[in-house]
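Notes follow the structure.
Values quoted throughout were computed directly from the atomic coordinates according to the rules given, and no laboratory measurement underlies them. It should be emphasised that the depicted structure is a prediction, and the values quoted were computed from it without experimental measurement. FYI the Cβ positions are ideal-geometry reconstructions off the backbone, even for glycines, and counts take in every protein chain you see.
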Amino acid sequence: MSEELWQKYYGQPNPIYGNKRQYGMLLDLNKCLGCHTCTIACKTTWTDGPGQENMYWNSVNTKPYGEYPRQDANAPDGLDYENSNLYQDVPKGVYPDLWQFYLPRPCNHCSRPACLPACPTQAIYKNDDGIVLIDEDLCQGYKNCIKACPYDKIYFNQVTKKSQKCIMCFPLIEKGEEPQCVKSCVGKIRVFGDLMDPNSAISRLIRDPSLGAKAYDPEIQFKAVTRYMTDADRRQYRADFGTIPSLWYILPKNVPEEELEKYFGGAMRGLIGQPHTPEARLKYKKT
């Protein structure tokens with residue numbers, strides 16, 4: 001991201017919500033092992049309660065996702081459900097030009113979240129650190145936030161009848177610790193920090209591609225980035241939705257550009273001058 005775009009989105013307090021900090025992550029997809037350690041660390045910390053059995057606030061997707069062979073004639077659609085993960089890692093392309101990568105995806109904690117104005121009970125808010133949270137005492141389970149989130153990262157708890165999502169481990173951050181997905185990462189792919197702090201490791205990396213491996217800070221988990229980067233290397237996931245995601249990615253090598261565009265889109269290179277303006281908050285009407 002250019003210095004101009006950084007100044008526009010992070011160089012001043014959030015023009016809508018006023019937060020002066022915006023925590024985010026930079027993830028090097030070239031180093032993701034697909035081991036799901038981050039997912040398990042998150043789940044065992046936050047989503048092991050009733051109604052959360054199928055919640056994965058942090059997930060790791062395989063791109064592309066392999067097709068299952070039609071082996072089980074008794075299955076409703078002929079797929080082999082007994083070995084549902086057996087054919088997950090199937091590269092795309094023609095040998096020797098094969099490609100595949102893993103894409104970790106927690107909540108983006110967007111600067112302009114689509115879920116927040118969609119909530120009719122004002123249960124969703126951004127805290128002073130820019131983290132998007134749900135006040136479950138105010139949530140009445142309308143599911144508007146689930147419909148509004150273009151990233152499908154809000155879940156509905158059928159037991160509590162409340163919406164729930166990634167909280168970026170804000171209780172740990174308040175203690176001076178990093179989120180569980182960052183601490184547990186085997187491949188050390190994640191750089192965590194304040195995007196609005198011009199001196200933070202994550203801001204320096206995103207703003208200045210010439211730093212690359214030279215920007216190591218021994219006091220910060222900063223071993224994720226070990227190769228020289230260019231502006232095109234660093235993008236957000238589907239920033240064309242206009243929400244200004246706080247998660248940035250170092251794109252995987254050896255993946256065709258047309259394939260990367262399917263997941264990351266051209267908007268990350270500043271091709272859209274202004275993100276979409278969030279709709280006005282819906283009014284809650286008692287019935």
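Of note:
- Gln12 paired with Lys143, simple spin-label distance in nm, labels 7 Å along Cα-to-beta-carbon: 4.0 nm
- Over 24 Å between alpha carbons, listed pairs Lys20/Lys175; Lys143/Lys188; Lys31/Lys143: Lys143/Lys188; Lys31/Lys143
- One decimal place: the segment Thr121-Thr62 gains 17.7 nm when fully extended, by the rule 0.36 nm per residue minus the C-alpha distance.
- Electrostatic tally near Phe156: other residues with Cβ closer than 15 Å to its Cβ, Lys and Arg +1, Asp and Glu -1, net +3.
- A Förster radius of 22 Å combined with the Cβ-Cβ distance from Asn254 to Thr37 puts the calculated FRET efficiency at roughly 0.35.
- Gap separating the Cα centres of the stretch 139-167 and the stretch 94-109, nearest whole Å: 26 Å
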